[in-house]
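Let me begin by presenting the structure, written as structure tokens, before commenting on it.
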Amino acid sequence: MPDAAPIHLSLPPIAYTANATAAEIADAIRQASQRGRIIIVTHLKPDGDAAGSALGLARAITLLSGNRGVTVWHGGPVPAWMSELHGQTPYELVDRARWEPGGGVDPVGVSLTVIVDTGSWTQLEHVQRWIDERASSCLIIDHHRQGEARLALRRYIDTSAAAACQMVAHVAAALLSTPINRLPVDVATPLYLGLATDTGWFRHSNVNGDVMRLAADLIESGANPSGLYQLVEQQDRLPRLKLLARAMDSLEIVNDGTIGVMTLTKRDFASAGATLNDSGGFVDFPALIASVRVVALLTETDDFATRQSLTKISMRSKSGKNAVDVNAVAGKFGGGGHFAAAGGRTALALTEAKQAVIEAIIQQMRVSQGQAS
Ligand SMILES: [Mn+2]
């Protein structure tokens, strides 16, 4: 956690809602790019949407203002495909140590910081000090329901967007004064990646006509769907599959078959030779069982900053009339996300956390049933 509580979080909360449009965000970026360097940050452990929206925006800004105009900062670990996706466009790995004297952060000449695909203070631990010192020159582009409005003066938030990349596509098109289906291929490619991964390759309940039209536009701009699928989904290492075997082995189906729960211990990671990053996507597997409505994956890990042991919770709900609001469940564990995909964390040890999560899901199922009837 930060050394001192940030001022903006001790003030009364303000609603995490939009106060700017894509065009207004593009204007702010255009103006800032004439005054100095722009920093782009996103949540720790960037996924396809975080990486894609940061990179797509960075490249659009570069086309506007030249190579020294923008820097992407990531808090690792980053996915294995990151360097291939980035190609010649650089990114920097940062952590809290970088803010110590001599740590390498050079704030000189920065006119704007853009936060993409999150607005959550805890997901920005690696850049908390940076953001805390300059919220008035920060923008947020995000599609999550929960966030800290005070992290940024201007916010383009659209919880109906399937991916942050969907929003960045509109910002990039405005920045470059071009329709989305004429975006440069280097911009369209990471945006397609984020759109595809945040929709489960166009299978999840967040897919609609806008999503498919945007996908079509990005493909017309040169994005290569099968190449990106291979890059992201068919690059596993053996330790990941060994870890998957352990997660599957831990799977328990409870509450009349409606809830699937998996657990991963630190020992599981060590035995498989896997890292935390290797468990991405595991939470989708138990949904293959017909009766399962909600899945939870509980992971034993250490807090990024304090190194204290905690249990990470990742949840998914199937869509349809039996859908369960896992965002509400995650809220009970200091987290959030989306209706059908959310996560949180607890100081409870794995076994107790498992019981608490199952109970919270059952409670939420009753709420959903009450609303349906
Ligand atoms: Mn996202």
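The values are calculated or read from the model by the stated rules, or taken from the named source; none is laboratory data. What you see is a predicted model, and the numbers here were worked out from it, not measured in a lab. Note: ideal-geometry Cβ built from the backbone for every residue, glycine included; neighbour counts use all protein chains shown. Areas reflect the complete protein model, heavy atoms only, side chains present, ligands, DNA and RNA absent. Shrake-Rupley method; radii C 1.70, N 1.55, O 1.52, S 1.80 Å.
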Need at least 2 residues that are within 22 Å of Arg237 (Cβ to Cβ) per element, so show me which strands (runs of 3 or more DSSP E) inside the range 260-373 make the cut, counting only ones lying wholly within it. 294-302, 309-317
Exactly one of Arg155, Arg203 is away from the ligand (no atom under 14 Å from the Cβ) and either outside the structural domain of Val105 (by TED's automatic domain parsing) or open to solvent by 50 Å² or more (accessible area, probe 1.4 Å) (or both), and that residue is Arg203
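Which residues, counting only those in the range 17-58, are of a type outside the set (A, V, I, L, M, F, W, C) and either open to solvent by 30 Å² or more (accessible area, probe 1.4 Å) or outside the structural domain of Ala149 (by TED's automatic domain parsing) (or both)?
Thr17, Asn19, Thr21, Glu24, Asp27, Arg30, Gln31, Gln34, Arg35, Arg37, Lys45, Asp47
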Any chance the range 163-173 includes a residue that's within 17 Å of Ala54 (Cα to Cα), open to solvent by 50 Å² or more (accessible area, probe 1.4 Å) and touching a Lys or Arg at 6+ places or on another chain (Cβ under 8 Å)? no
Taking the residues in the range 237-251 that are open to solvent by 80 Å² or more (accessible area, probe 1.4 Å) and of a type outside the set (A, V, I, L, M, F, W, C) as candidates, determine which candidate is modelled with the lowest pLDDT. Arg237
Could you check the range 202-253 and list, in sequence order, the residues that are closer than 20 Å to Val294 by Cα, outside any helix (DSSP H, G or I) and out of contact with any His (no Cβ under 8 Å at 6 or more places or on another chain)? Phe202, Arg203, His204, Ser205, Val207, Leu251, Glu252, Ile253
Mind counting the residues in the range 259-270 that are touching a helix residue (DSSP H, G or I) at 6+ places or on another chain (Cβ under 7 Å) and not β-branched (Val, Ile, Thr)? 5
Give the residues of the range 311-322 that are open to solvent by 20 Å² or more (accessible area, probe 1.4 Å) and either at negative phi or of a type in the set (Ser, Thr, Tyr) (or both), sorted by residue number. Lys312, Ser314, Arg316, Lys318, Ser319, Lys321, Asn322
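Would you kindly identify the strands (runs of 3 or more DSSP E) lying entirely within the range 33-152 that contain at least 3 residues that are over 19 Å from Tyr192 (Cα atoms) and more than 16 Å from the ligand (Cβ to nearest atom)?
37-42, 70-74, 110-116
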From the residues in the range 206-236 that are among the hydrophobic types (A, V, I, L, M, F, W, C) and surrounded by fewer than 16 Cβ atoms within 10 Å (Cβ to Cβ), which one is farthest from Ile180 (Cα to Cα)? Met212
Taking the options Arg150, Arg145, Arg203, name whichever one is farther than 25 Å from Asp325 by Cα and of a type outside the set (Asp, Glu). Arg150
For Glu252, indicate whether it is assigned by TED's automatic domain parsing to the domain that holds Leu298 and not basic (Lys, Arg). yes
State yes or no: is Glu148 assigned by TED's automatic domain parsing to the domain that holds Pro12, open to solvent by 30 Å² or more (accessible area, probe 1.4 Å), at pLDDT below 95 and under 19 Å from the mean Cα position of the chain (by Cα)? yes
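Matching residues to (1) more than 22 Å from the chain's Cα centre (by Cα); (2) closer than 24 Å to Lys45 by Cα; (3) among the acidic types (Asp, Glu):
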position: Asp210; (1), (2), (3): no, no, yes
position: Ala216; (1), (2), (3): yes, no, no
position: Leu228; (1), (2), (3): no, yes, no
position: Val232; (1), (2), (3): no, yes, no
position: Leu241; (1), (2), (3): yes, yes, no
position: Gly257; (1), (2), (3): yes, no, no
position: Gly260; (1), (2), (3): yes, no, no
position: Thr265; (1), (2), (3): yes, yes, no
position: Asn277; (1), (2), (3): no, yes, no
In this structure, is Leu298 closer than 22 Å to Leu44 by Cα, assigned by TED's automatic domain parsing to the domain that holds Gln363, touching a helix residue (DSSP H, G or I) at 6+ places or on another chain (Cβ under 9 Å) and crowded, with 21+ Cβ neighbours inside 10 Å? yes
